[in-house]
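Worksheet: one structure, shown below.
Where a number appears in this text, it was derived from the coordinates with a stated rule and is not lab data. Worth saying up front: this structure is predicted, and the values here are computed from it rather than measured. For neighbour counting, all protein chains shown are included, and Cβ atoms are generated from backbone atoms with ideal geometry for every residue, glycine included.
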Amino acid sequence: MTTNTENQGGNSLDLVKWGLVVILLAAAVVGNSMYQDVSVLYRAIGIVVAFAIAAFVALQTQKGQTAWAFAKESRLEIRKVVWPTRQEALNTTFIVLAATGVLALILWGLDAILVRIVNFITGV
């Protein structure tokens with residue numbers, strides 16, 4: 001049995017909200033395809049509005065609030081990251097490119113040797 005009582009009361013209402021989110025997103029997709037003769041600008045505005053309303057409704061659910069809290073915590077963690085300088089990123093990129101080139105040459109040579117061995121064995 002679960003001991004968490006906060007989530008037990010809102011499950012049916014959350015299900016209705018998620019159903020509304022799905023309906024809004026489906027309406028945006030279907031509306032975009034049905035009104036192809038309308039300007040792209042108006043269709044894009046309509047889709048953005050429908051997605052914004054769907055996101056607002058989704059954020060009213062328990063899972064939506066949990067996802068929002070996770071996004072805020074992730075943003076805080078990203079601020080703590082020490083990003084490499086431009087020079088460090090370039091040096092790392094060049095090392096990866098050089099290692100990839102060397103490995104490609106090794107594999108190309110190994111492939112050539114194996115092809116010659118197979119041709120010698122099969123007599124082709």
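Every residue, every condition in (1) outside any helix (DSSP H, G or I); (2) of a type in the set (G, A, S), yes or no:
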residue: V22; (1), (2): no, no
residue: L25; (1), (2): no, no
residue: S33; (1), (2): no, yes
residue: Q36; (1), (2): yes, no
residue: V48; (1), (2): no, no
residue: A71; (1), (2): no, yes
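For segment 18-41, give me the residue count where each residue is in contact (Cβ under 8 Å) with a residue 24 or more places away in the chain and among the β-branched types (V, I, T).
1
Please name all residue pairs, on different chains or six or more residues apart, with Cβ atoms under 6 Å, provided the first residue is in segment 42-53 and is within 12 Å of L24 (Cβ to Cβ) and the second residue is of a type in the set (G, A, S) and in a helix (DSSP H, G or I).
I47/A28; A50/A28
Pick out the one residue from R75, R86, R116 that is surrounded by 10 or more Cβ atoms within 10 Å (Cβ to Cβ), out of contact with any helix residue (DSSP H, G or I) (no Cβ under 7 Å at 6 or more places or on another chain), over 30 Å from G31 (Cα atoms) and basic (K, R).
It is R116.
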